[in-house]
Structure formats: structure tokens, C-alpha cells
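Notes to accompany the following structure.
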Amino acid sequence: MAYVGLSNPYIAKLVDETEKTYTDCFACGKAMTVNITPNYNEAKLYANNQLAENVKEFKDGNITLGTDRLPARAMTVCFGHTVSDDEKEVVYKTNDSANYVGVGFYVDEMINNVKEYAATVIYKVKFSETANDYTTKGENIEFKTPSIEGTIAGLKSNEWKTTKTFSTSIEADEWLRETLGFAAPTTLNKQAEG
């Protein structure tokens, strides 16, 4: 299989990890990059001068999400900052606390020359804000886009991620919105199926 696209990142505040329920779901800009790195606890037992047992279990993970923009809602849902009603002002306090959130997106993949759409939901992530990097405009135009980094944790049920494949991008997007509790339909990236 080959991945040929990335679309529609959603973030939602985790309300109940036993029931896998979320609130305040929003479309987090347009996807540019997602990097997911699982980390494992590992134990090796050597006997008779060779490896006799090897146990490897999921410990946690790292995720970096890069988008064309970071909506003001991300500041309150992800990081606990105060956002004005018109979303023009964000107040950052030293005692603001980040929330656990769910993250979803889908990728276009080619399998045996057939295009399918693999939607992924990561159930429990705590993001931290990254450094702000700004550059003055010079002879060449250079885009600066935001990214956020987070730590992935498992739920009480030990689940940490689900991936489901669909034949259309619309089905993949609908599954993401249903899983993360998106309250209204989105117009983000509703492309015609080809």
C-alpha cells in the first residue's frame, strides 16, 4: 500500500474514556503532516546464551500535527486558554492546564491500483505548545505554518488507536466526525470522488 494524501484533522476534548465520548470537536485547519511514533516497554530474557523471551508492550507515543493554521478553538480545547467569543483574543495564564483530547484524520491510500481512505482516531492525547518561530519577509516568500506536539496515552481499555478503511473520503470523514462527536457537517475538503 502507498499513502498519497492526508486530510481533515479533527480534535475533540475527551470527556469519558470508558465510553469513548468527546465534546467540543472542531476541524483543526487543513492537514499538512502527521507523525505518530509509538514507544514501547521492552524486556529481554537470556538463557543458555541466547534470547529466550522478548516482551514488548505499548507504553505511550508521540504525535506531531502540522496544519495550515491553528484555530482559536485549539487554544481552549487543547491547552485550556481563555478565548473571547469572537475568537479574536486568547489569554494565556500560567496556571492553564492542557486537556486530554482525541485526534482524527484520514489518509488516501492506493492498494492494487484502487484508491481507498483509511481513517484514524487516536483516543487520548495531551498536546503541548511548541515554540513560536517567526521570520521577517525578505527577497523570497516563505510560509510558516503551525504544528503541535503531544503525548499519546492508552485508555483504561488499553486501546490507543483505531484505523478503519472506507471506499470514499465522505464515508471516512463521516466516521471521524461521528467517533469524535462533531456536532455539524463540515465543508472541509469535500472533493468529488474520482
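The values are calculated or read from the model by the stated rules, or taken from the named source; none is laboratory data. These figures come from a predicted structure and were not determined experimentally. Heads up, the Cβs are rebuilt from the backbone with ideal geometry, glycines too, and the neighbour counts pull from every protein chain shown. Side chains included, ligands, DNA and RNA excluded: accessible areas come from the protein's heavy atoms. Shrake-Rupley method; radii C 1.70, N 1.55, O 1.52, S 1.80 Å.
Can N54 be described as farther than 30 Å from T165 by Cβ, open to solvent by 40 Å² or more (accessible area, probe 1.4 Å) and of a type in the set (S, T, N, Q)? So N54 fits the description; yes. If the condition is being open to solvent by 50 Å² or more (accessible area, probe 1.4 Å), among the hydroxyl-bearing types (S, T, Y) and either under 21 Å from D68 (Cβ atoms) or in contact with an Asp or Glu (Cβ under 9 Å, 6 or more places away or on another chain) (or both), then segment 146-186 contributes T151, S157, T165, S167.
Every condition in (1) among the polar types (S, T, N, Q); (2) out of contact with any strand residue (DSSP E or B) (no Cβ under 8 Å at 6 or more places or on another chain); (3) within 17 Å of A119 (Cα to Cα) holds for Q50 except the one numbered (3).
If you go through segment 22-53 and keep only what is farther than 30 Å from V77 by Cβ and aliphatic (A, V, I, L, M), you end up with A43, L45, A47, L51, A52. Screening L70 on (1) assigned to a loop (DSSP other than H, G, I, E, B); (2) at pLDDT 90 or above; (3) closer than 19 Å to L176 by Cβ shows it passes everything except condition (2).
Kindly indicate whether any position in segment 87-95 is in a strand (DSSP E or B) and without any contact (Cβ under 8 Å) to a residue 40 or more places away in the chain.
From segment 87-95, those in a strand (DSSP E or B) are 90-91; that's our starting set.
Keeping just the survivors that are without any contact (Cβ under 8 Å) to a residue 40 or more places away in the chain gives 90-91.
Checked segment 87-95: at least one residue is in a strand (DSSP E or B) and without any contact (Cβ under 8 Å) to a residue 40 or more places away in the chain.
When restricted to residues that are surrounded by 13 or more Cβ atoms within 10 Å (Cβ to Cβ) and in contact with a strand residue (DSSP E or B) (Cβ under 9 Å, 6 or more places away or on another chain), segment 67-110 contains 28. One residue stands out among those in segment 22-66 that are β-branched (V, I, T) and over 14 Å from the mean Cα position of the chain (by Cα): the one that is nearest to S147 (Cα to Cα), which is T23.
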